[in-house]
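The values are calculated or read from the model by the stated rules, or taken from the named source; none is laboratory data. Computed from a predicted structure; not experimentally measured. Cβ: placed from backbone, ideal geometry, glycine included. Neighbour counts: every protein chain shown.
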Amino acid sequence: MKYRLGIFFALLALGGIVAAELEVETPRTATLPAPNAHWMWIGDLNFNAMEASKAFLVDGDSGQMLGMLSTGYFFSSALHDSQYKNIYSPEVYLSRGTRGERTDIIAIYDPKTLEPTDEIVIPAKHYSGIPITAHAAISTDDRFIAVYNFTPAQSISLVDVQNRKFLHEVETPGCAEVFAAGARAFNMICGDGTMLTLKLDDSGNTEPVRSAKFFDPRTDIIDDKMARYGDSWAFFTKSGKLQMIDMAGGEPKFESPWPLFTVDEVADNWKLGGYQYATICEQTNELYVLVHRGGEYSHKDPGSDVWVYDLKAKVRTRMISLDHAATSIQVTTDAKPLLFTAHAEHSGVHVYDALSGVHQRTISEIAVNPLLFWAVHP
Amino acid sequence: MKYRLGIFFALLALGGIVAAELEVETPRTATLPAPNAHWMWIGDLNFNAMEASKAFLVDGDSGQMLGMLSTGYFFSSALHDSQYKNIYSPEVYLSRGTRGERTDIIAIYDPKTLEPTDEIVIPAKHYSGIPITAHAAISTDDRFIAVYNFTPAQSISLVDVQNRKFLHEVETPGCAEVFAAGARAFNMICGDGTMLTLKLDDSGNTEPVRSAKFFDPRTDIIDDKMARYGDSWAFFTKSGKLQMIDMAGGEPKFESPWPLFTVDEVADNWKLGGYQYATICEQTNELYVLVHRGGEYSHKDPGSDVWVYDLKAKVRTRMISLDHAATSIQVTTDAKPLLFTAHAEHSGVHVYDALSGVHQRTISEIAVNPLLFWAVHP
Amino acid sequence: MGWFDNLSERSVRSVARRSARRSFLSRFGFALVGATTIPALPVARAASARMPAPDESGIAGDPGNPQSCDYWRYCSLDGFLCACCGGSQNSCPPGTEPSPVTWIGTCRNPEDGKDYVISYNDCCGKGGCGRCFCNTNEGDTPVHRPTLDNDINWCLGTKSNAYHCSTGIVIGVATEILR
Amino acid sequence: MGWFDNLSERSVRSVARRSARRSFLSRFGFALVGATTIPALPVARAASARMPAPDESGIAGDPGNPQSCDYWRYCSLDGFLCACCGGSQNSCPPGTEPSPVTWIGTCRNPEDGKDYVISYNDCCGKGGCGRCFCNTNEGDTPVHRPTLDNDINWCLGTKSNAYHCSTGIVIGVATEILR
């Protein structure tokens, strides 16, 4: 006892501070504070172990990981409603991991607790492949979700979000991906160069309408990477033209395409490339694209630079040389945007000040194969 | 046409060989040739993505990967019967990957096709944790499988292999792991220093029997790593003594422990360590142990060396300095054995000539976290 | 199934390689149909009967190492090479099932100089093999042109949707470069 | 839950560190019960109310960075640190559930010099967090002595068996080093 008290007072003297005994604790579970525009989600493909898809939520300001979702087999990305009240995550499960009965669901999570709160079983036909943004969409009024199916027959599964049930399937032969904007409608890109519009009534019924041909798939195909811009979506052709499409009224209105690269830059082999190479900050009306120099089929190569365009003036305003080559980029939605970048083969994400282009921080050990970002719209 | 023929003949001249057109092919599935003693299985924990546990089969002679099993959540290792006619793989699945209903099974695979042929549902209580060899065992007569359960209540699930059905559970409070050898019996290690024996009748009924205390868990605890030696098992104490236990008659017969390290080596901090640090070649009566220099709790540290002991003479005969630090080792069962090594944090396995200690080859990209080997006994 | 490029240098190399080839092709055009009438010789068939070494195709007139991403058949591949996983360039590893529907590419055999249509049948029913990841992407198209899209998980119409690895199977001589 | 050592150097360092500590402990014995009667002062409680920075525990008298494997509470841990995953040293990340049964360790707080019993509650219900893997293993025992075994997946008695990360929770002052 003498010894023990001796140690205690020696420590008091040594540390010069109070050596009160620590209180006994009980384990608890954290919940999230109110979201802010500098939060970002990123999906983990984990190509070696796709049964274990994940989504990570990070805070671009603090550089902290905030939480995670486990999202089944070969997940693309999650959706959320306009108030960020529910996260809707299209997920695929097999009863024996990689075999057995397949079940496709839309898992619903509470964005504050990250707990699964419900699920909606949908036809086991959801697109499976390298993550794309347009594998599913939620209507602008938060009423319906459309899930793109590929079996290889192409169709859309329509889900009533309000009543949390699957409604019906719409066959969409020759048309892929799905976008929402403006009115209660979804649009798809068709391989023949047209667009398909599905306007929904209150019951989710629809009479699909085909647009005129707006691109030639043999000469300058529209890519499957795109960026939302309010009620419009920006699409990109293989040669590097921007094709803005206004979907405010449901049917697409095709604006005049314009080139992102000069003739010299094209000759110099500058190209768009990566898994998520385009992102738009609506507050600043700026388009950010990930570019690299590469050959004809280098469209999945990592980008060394991000070029920034003023969408009103249709001119390039800035060129950011990245500290770390990237295959995916995303800007936040606020007036002082952060630019997130990731390389699908390297764990971790990087955060830049989008306006200055200066690297702010690296958030390490986020995802094995970070592939698609989706911004939080709080 | 002139041009085309021109190219064709130019190529003929250039290559100096026949430029016959390749035949049209149809996809098929490979089956395995007859197994040989230099084949080895290795489990992939994939700690980042444990829903995606795997087992890889490699050929130590050719350095080729032969095939793979997907083995569910947090898998330890698979068993096979004495004729290598069936692979029995205790696997755990959750209906939603990391949540939902848990189902534990013994999956049965055909070792020639690696197809799942059947499954036996067992109580959802199977030990889950860092892979250990003794998480399950098959009786020497191929009649029963015992699965170690930890909930944290401890028990054994008994499975009738012949009729492919779960029989019943046996409570085994205070006792863990499970070993088979000799008669139709299973043994377990109990935390109080005793062993529990479960001798089974034809219906799998058993009256468990406790042994006398054979180790003191407070002074020199027996470890949970071990190596089979015919009807005996070699166990190891924390201080580095070998405790051979003969299980031929069902109940354990404890042989006299003997030290693997000299007093000087102990003083020099040589220790057993790793996830699978001991393996025995029955043909040569040799024990191989993975050793390193480290502190008191370095028991999971990788080993730099493999020391070889003659089990008859109880002397060390060889010391192999490894080219690559390892956390797991395994020798093959033949007279010209190969020594396989793996480091749980590095993909790939290494193959050494066990007798000369010379590194033969590295089989790269095998498992994200290769952790436990199990030899093929063809 | 296909995935991303693990070699940044590849793109640099491919600029040169493909530029040369394009000019060659544009001079002679893409049609090499006439050549299909020349029969395969017995020597080719005999050779394919023996067990090939890992670094050879085992087929006469089919040069290269099927365990290497540089093997000519893999010009539009994106995934793990089945030849490294217990299968071969044209067979699935044990316990996996070839997908009946696939994406295709057009690759030039450097030995006979012909362009072949290659079907990249995915092998399905187990988790990812994890070996010999290869990403070449010649002719790869977006998701809305699926037939030539190597990003899609082609484990469709199989017992299980799970992707294990990819093969590259000769299904004919190309009459034109597919787009 | 616990796992393997990713630092080969750790073992070398720990030989020295632990040898020093052992001799200290053997001189004074392990019992520090008497000290438990000294009450926690208000200053400690006030400090824990504000939001701690990532590199501090947020608790007075509890030094170190809970996102670092060197943090004193983690002396017998083996797993991903919840403090790097959206939780903290004593709370689970959002959407995960602490295991009601755990393994325990005895760790010395360098500030007050006391040995505390630490409960390593696993957080359960999602896949592995994948960040800040930590493997210390002081006092870790084999599977047949489960209470002190950090190799077991302690996601037991929880809605889901899936392991996400590990916490280190103060449950008392040690009256002896547990074995």
message = Which numbered condition in (1) surrounded by fewer than 19 Cβ atoms within 10 Å (Cβ to Cβ); (2) in contact with a helix residue (DSSP H, G or I) (Cβ under 8 Å, 6 or more places away or on another chain); (3) under 23 Å from A:Val315 (Cβ atoms) is the only one that A:Lys225 fails?
response = (1)
ask   = On the given criteria, is B:Phe74 touching a Pro at 6+ places or on another chain (Cβ under 8 Å) and aromatic (Phe, Trp, Tyr)?
value = no
query = Out of curiosity, is C:Ser76 within 8 Å of chain B (Cβ to nearest Cβ) and either touching a helix residue (DSSP H, G or I) at 6+ places or on another chain (Cβ under 8 Å) or buried (at least 24 other Cβ atoms within 10 Å of the Cβ) (or both)?
reply = no
ask   = Since D:Glu56 meets every condition but one in (1) surrounded by fewer than 24 Cβ atoms within 10 Å (Cβ to Cβ); (2) away from chain A (no Cβ under 13 Å); (3) in contact with a helix residue (DSSP H, G or I) (Cβ under 7 Å, 6 or more places away or on another chain), which condition does it not meet?
value = (3)
Residue that is farthest from the other protein chains (Cβ to nearest Cβ), among those in region B:176-207 that are β-branched (Val, Ile, Thr) and more than 14 Å from B:Arg228 (Cα to Cα) = B:Thr206
task = Assess whether B:Gln330 counts as being over 20 Å from B:Gln243 (Cβ atoms), crowded, with 18+ Cβ neighbours inside 10 Å, among the polar types (S, T, N, Q) and touching a residue at least 60 places away in the same chain (Cβ under 8 Å).
result = yes
ask   = Can you tell me which residues in region D:123-140 are more than 11 Å from the chain's Cα centre (by Cα) and at pLDDT 95 or above?
value = D:Cys123, D:Cys124, D:Gly125, D:Lys126, D:Gly127, D:Gly128, D:Cys129, D:Gly130, D:Arg131, D:Cys132, D:Phe133
message = Being more than 24 Å from B:Ala134 (Cβ to Cβ), crowded, with 16+ Cβ neighbours inside 10 Å and of a type outside the set (Gly, Ala, Ser) narrows it down to one residue among B:Leu339, B:Leu322, B:Leu372; which is it?
response = B:Leu322
query = Take the residues of region A:100-119 that are within 14 Å of chain D (Cβ to nearest Cβ) and among the hydrophobic types (A, V, I, L, M, F, W, C): which is nearest to A:Pro90 (Cα to Cα)?
reply = A:Ala107
query = Filtering region B:66-86 down to residues that are surrounded by fewer than 24 Cβ atoms within 10 Å (Cβ to Cβ) and in a strand (DSSP E or B), which residue is farthest from the other protein chains (Cβ to nearest Cβ)?
reply = B:Leu79
ask   = Say we look at region C:79-104 and pick out the residues that are more than 10 Å from chain B (Cβ to nearest Cβ), modelled with pLDDT under 95 and in contact with a strand residue (DSSP E or B) (Cβ under 8 Å, 6 or more places away or on another chain); which of these is surrounded by the most Cβ atoms within 10 Å (Cβ to Cβ)?
value = C:Trp103
request  = Could you tell me whether any residue of region A:265-274 is within 14 Å of chain C (Cβ to nearest Cβ), touching a helix residue (DSSP H, G or I) at 6+ places or on another chain (Cβ under 7 Å) and more than 16 Å from A:Lys312 (Cβ to Cβ)?
outcome  = yes
ask   = For B:Phe56, all conditions in the list (1) touching a residue at least 60 places away in the same chain (Cβ under 8 Å); (2) assigned to a loop (DSSP other than H, G, I, E, B); (3) closer than 24 Å to B:Ser347 by Cβ; (4) more than 7 Å from every other protein chain (Cβ to nearest Cβ) hold save one; what is the number of the exception?
value = (2)
key: Residues (under 18 Å from A:Phe235 (Cα atoms) and either assigned to a strand (DSSP E or B) or modelled with pLDDT of 95 or more (or both)) located in region A:169-184   = A:Cys175, A:Ala176, A:Glu177, A:Val178, A:Phe179, A:Ala180
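For (1) at pLDDT 95 or above; (2) not small (Gly, Ala, Ser), each residue gets a yes or a no:
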site: A:Lys2; (1), (2): no, yes
site: A:Ile7; (1), (2): no, yes
site: A:Ala10; (1), (2): no, no
site: A:Gly16; (1), (2): no, no
site: A:Ala20; (1), (2): no, no
site: A:Pro35; (1), (2): yes, yes
site: A:His38; (1), (2): yes, yes
note = The correct count of residues that are within 19 Å of D:Gly128 (Cβ to Cβ) and over 8 Å from the mean Cα position of the chain (by Cα) in region D:69-81 is 5
request  = Given the conditions (1) in a loop (DSSP other than H, G, I, E, B); (2) at pLDDT 95 or above; (3) not polar (S, T, N, Q), report the number of the one that A:Glu296 does not fulfil.
outcome  = (2)
inquiry  = So A:Ala30 passes all but one of these: (1) away from chain B (no Cβ under 14 Å); (2) under 22 Å from A:Thr341 (Cα atoms); (3) modelled with pLDDT of 95 or more. Which condition number does it fail?
reply    = (2)
